[in-house]
Amino acid sequence: MNVLITGANGQLGLELKTLGNKFPKFNLFCTNKSTLNILNFEEAEQYVLKNKIDAIVNCAAYTDVNKAEEEFELADEVNHLAVKNLGLIAKKHNIKLIHLSTDYVFDGNSKIPYSETDKTNPKNAYGISKLKGEKALLEINPKNSMIIRTSWLYSEFGNNFVKSMLKLSKERESISVIYDQIGSPTYAKDLATAILKIIPEITSEGIQIYHYANKGQCSWFDFASAIMKIAQQNCIILPITSAEFKTKVKRPKYSLLNTEKIEKEFNLKIPNWSAALKECVLKLKSPLAPEKPPSPRRGN
Ligand SMILES: NC(=O)c1ccc[n+]([C@@H]2O[C@H](COP(=O)([O-])OP(=O)(O)OC[C@H]3O[C@@H](n4cnc5c(N)ncnc54)[C@H](OP(=O)(O)O)[C@@H]3O)[C@@H](O)[C@H]2O)c1
């Protein structure tokens with residue numbers, strides 16, 4: 001099965017690329033901004049036809065939540081217009097499509113985990129651009145396709161909260177971290193494993209939305225404290241409120257995702273966030289931790 005991974009130099013893309021070796025039935029075509037411009041419909045369509053692509057996993061995204069406030073057009077191009085291109089190509093050529101979205105499509109006013117059918121109401125520009133991408137796909141409605149919303153993604157690759165905390169802990173005696181935003185950290189490796197298991201099993205008349213996050217819940221403060229504990233760093237984590245943390249960007253106070261649908265339909269067992277975090281931090285602390293992304297197995 002030929003699988004196109006877009007945004008393959010990002011956190012999730014690199015986890016998929018690494019795991020690809022364990023799933024020999026897939027021939028992965030790993031692309032990035034410079035090897036495939038998904039903003040260009042014709043270029044993307046030609047690529048898919050030339051390489052006889054059976055499934056697309058769209059990991060490409062504009063993910064800088066702060067900058068998206070000033071660069072909405074750029075965020076909209078990648079998170080909405082390019083997604084629309086992929087949806088149209090998937091529908092026209094009957095290709096499976098897995099698109100990634102975010103918990104930030106919700107406003108965070110819920111007190112119980114969000115399910116796929118709950119009302120969306122993004123609070124920031126990033127969330128708005130991602131929701132526009134979702135809506136475009138729902139309108140095109142390609143069959144054998146899915147939108148997977150995830151939350152608080154981290155990995156041993158790329159830039160993320162875990163790596164920032166580990167770096168800061170070596171430079172500072174204490175770090176102030178928000179305690180009044182609740183969610184679930186998600187290890188990109190677990191999500192990538194789930195995606196590779198799911199691809200052959202997708203059969204749907206139209207596009208479906210699913211939620212995937214590691215099990216359990218925590219605040220950013222709990223998350224940072226757990227990172228320090230696992231890494232055996234003495235740096236003190238100090239709790240602060242969202243109001244005390246000076247930022248122009250609004251984020252949901254509560255964005256826990258209900259993952260029952262994906263677990264049941266695809267028979268997935270999702271690890272708890274703390275066990276997943278331990279695996280990632282120990283890998284990062286290992287002398288064998290990757291300095292550079294792995295080279296692609298096949299495809300580009
Ligand atoms: N990170 C999170 O906390 C989080 C939370 C919830 C949901 N998600 C969603 O999960 C998915 C994966 O996120 P991630 O953390 O792996 O993202 P990431 O590390 O930021 O990777 C995104 C990749 O997309 C690439 N990209 C940007 N514009 C592109 C374009 N026009 N064509 C091709 N590639 C392009 C980026 O390249 P450059 O770096 O060169 O721009 C980057 O390599 C995204 O859909 C994201 O919205 C992420």
Query raised in the report: Which one of the conditions (1) among the hydrophobic types (A, V, I, L, M, F, W, C); (2) under 23 Å from residue 127 (Cβ atoms); (3) touching a strand residue (DSSP E or B) at 6+ places or on another chain (Cβ under 6 Å) does residue 223 fail to meet, given that it meets all the rest?
Result: (3)
Report summary line: Restricting region 104-121 to residues that are under 14 Å from residue 250 (Cβ atoms) and surrounded by 15 or more Cβ atoms within 10 Å (Cβ to Cβ), the one farthest from the ligand (Cβ to nearest atom) turns out to be 107
Report task. Report whether or not residue 77 is assigned to a helix (DSSP H, G or I) and either more than 9 Å from the ligand (Cβ to nearest atom) or small (Gly, Ala, Ser) (or both). Result -> no
Report task. Can you give me the number of residues within region 136-185 that are under 30 Å from residue 81 (Cα atoms), crowded, with 19+ Cβ neighbours inside 10 Å and among the basic types (Lys, Arg)? Result -> 1
Query raised in the report: Looking at region 1-36, which of its residues are of a type in the set (S, T, N, Q) and either more than 6 Å from the ligand (Cβ to nearest atom) or surrounded by fewer than 16 Cβ atoms within 10 Å (Cβ to Cβ) (or both)?
Result: 2, 18, 21, 27, 31, 34, 35
Report summary line: By residue number, the members of region 125-158 that are over 16 Å from residue 77 (Cα atoms) and either in contact with a Pro (Cβ under 9 Å, 6 or more places away or on another chain) or within 12 Å of the ligand (Cβ to nearest atom) (or both) are 147, 148, 149, 150, 151, 152, 153, 154, 155, 156, 157, 158
Query raised in the report: Based on what the data block shows, is residue 158 under 24 Å from residue 249 (Cα atoms) and of a type in the set (Gly, Ala, Ser)?
Result: yes
Query - Qualifying residues in region 58-97 (those that are under 21 Å from residue 139 (Cβ atoms) and among the β-branched types (Val, Ile, Thr)) - the one surrounded by the most Cβ atoms within 10 Å (Cβ to Cβ) - result: 83
Query raised in the report: So which residues in region 37-55 are within 12 Å of the ligand (Cβ to nearest atom) and either surrounded by 19 or more Cβ atoms within 10 Å (Cβ to Cβ) or not aliphatic (A, V, I, L, M) (or both)?
Result: 37, 38, 40, 43, 44, 47
**Report entry** Hits in region 148-180 (condition: of a type in the set (Gly, Ala, Ser) and either within 15 Å of residue 277 (Cβ to Cβ) or in contact with a strand residue (DSSP E or B) (Cβ under 7 Å, 6 or more places away or on another chain) (or both))
**Finding:** 151, 155, 164, 169, 174, 176
Requested in this report: Please state which of the following conditions residue 65 fails to meet, knowing it meets all the rest: (1) more than 22 Å from residue 135 (Cβ to Cβ); (2) touching a residue at least 40 places away in the same chain (Cβ under 8 Å); (3) within 12 Å of the ligand (Cβ to nearest atom).
Outcome: (1)
**Report entry** Where a residue in region 177-190 is within 18 Å of residue 101 (Cβ to Cβ) and modelled with pLDDT under 95 and its partner, wherever it lies, is among the polar types (S, T, N, Q) and crowded, with 24+ Cβ neighbours inside 10 Å, with Cβ under 8 Å and at least six apart
**Finding:** none
Query raised in the report: Any idea which residue in region 59-70 is farthest from residue 92 (Cα to Cα), counting only those that are under 19 Å from the mean Cα position of the chain (by Cα) and not in a helix (DSSP H, G or I)?
Result: 66
Requested in this report: Could you run through region 12-58 and say how many residues are part of a helix (DSSP H, G or I) and in contact with a strand residue (DSSP E or B) (Cβ under 6 Å, 6 or more places away or on another chain)?
Outcome: 4
Report task. Could you list all residues from region 101-151 that are basic (Lys, Arg) and assigned to a helix (DSSP H, G or I)? Result -> 130, 132, 135
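The values are calculated or read from the model by the stated rules, or taken from the named source; none is laboratory data. Computed from a prediction, not measured in an experiment: that's the story for all the values here. All Cβ positions, glycine included, derive from the backbone under ideal geometry; neighbour counts span all protein chains shown.
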